[in-house]
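Chemist: Have a look at the structure that comes next, please.
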Amino acid sequence: MDAIPTEPRDAASAREVLDTISLDRRRLGARFTAETWWTAPAQALAVAAVVGAPAAGMGGPMSVVAGLATMALVGIEHQFRKRTGISTNRPAGAASLSVLVVLCTGFVVAAAASFVLAMNGETSSVISVASATFVGMLLGVVIYDRAYARDLLRVG
């Protein structure tokens with residue numbers, strides 16, 4: 001009971017703090033989604049390269065392509081952090097978590113399919129799977145960024 005503001009000044013201070021937090025969340029969400037124009041295609045291309053890596057040849061060539069694409073993903077995240085000042089280590093809420101789970105599941109399924117196809121000599125099918133992965137990730141990253149921004153407004 002002691003924590004409930006009893007004076008008008010206390011209530012006004014609490015409202016001011018809550019308004020400031022809300023404004024910070026809106027600004028953070030706007031900064032996060034403002035970078036989607038370059039992060040979505042860059043991340044989608046890097047993920048598609050990992051999925052398409054078996055088309056380069058099993059063993060060494062696949063490892064080189066997948067390794068370079070993974071390094072690109074790390075670089076994209078680093079550049080995002082540098083440009084925005086935002087470092088994320090988890091989804092902001094239920095919607096962004098759901099999108100992330102779908103994206104990760106899609107990646108694992110596509111990578112497994114690509115590997116199996118490459119083992120069976122279906123290089124053109126590997127390229128098709130990688131192309132579909134690019135499109136799915138491109139849309140998925142945009143959806144994730146928007147869901148993350150919406151979750152920022154709901155959490156708290």
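Chemist: If DNA, RNA and ligands are ignored and the probe is 1.4 Å, what is the ranking of M71, M58, M137 by accessible area, most exposed first?
Modeler: Numbers: M71 130, M58 70, M137 20 Å².
Of M71, M58, M137, the descending order of accessible area is M71, M58, M137.
Chemist: Please give the per residue accessible area of region 80-125, computed with a probe of 1.4 Å over protein heavy atoms only, in Å².
Modeler: 63
Chemist: Which net charge results when you count Lys and Arg as +1 and Asp and Glu as -1 among the other residues whose beta-carbon is under 11 Å from that of A95?
Modeler: It works out to a net charge of +2.
Chemist: Scattering from the C-alpha atoms of region 66-148 alone, worked out with Debye: what is log10 I(q)/I(0) at q = 0.22 1/Å?
Modeler: -1.15
Chemist: So, one more: I'd like the carbon and sulfur percentage of the solvent accessible area for region 51-156, probe radius 1.4 Å, heavy atoms only, ligands and nucleic acids excluded.
Modeler: Heavy-atom surface of region 51-156 belonging to carbon and sulfur, 1.4 Å probe: 68 percent.
Chemist: For T123, what accessible surface area do you get with a 1.4 Å probe? Give it in Å², rounded to 10.
Modeler: Its accessible surface works out to 70 Å², give or take rounding.
The values are calculated or read from the model by the stated rules, or taken from the named source; none is laboratory data. Note that the structure is a prediction, hence the values are computed from the model and not measured. Note that we place each Cβ from the backbone using ideal geometry, even for glycine, and neighbour counts take in every protein chain shown. Calculation scope for accessible area: heavy atoms of the full protein, side chains included, ligands and nucleic acids excluded. Shrake-Rupley method; radii C 1.70, N 1.55, O 1.52, S 1.80 Å.
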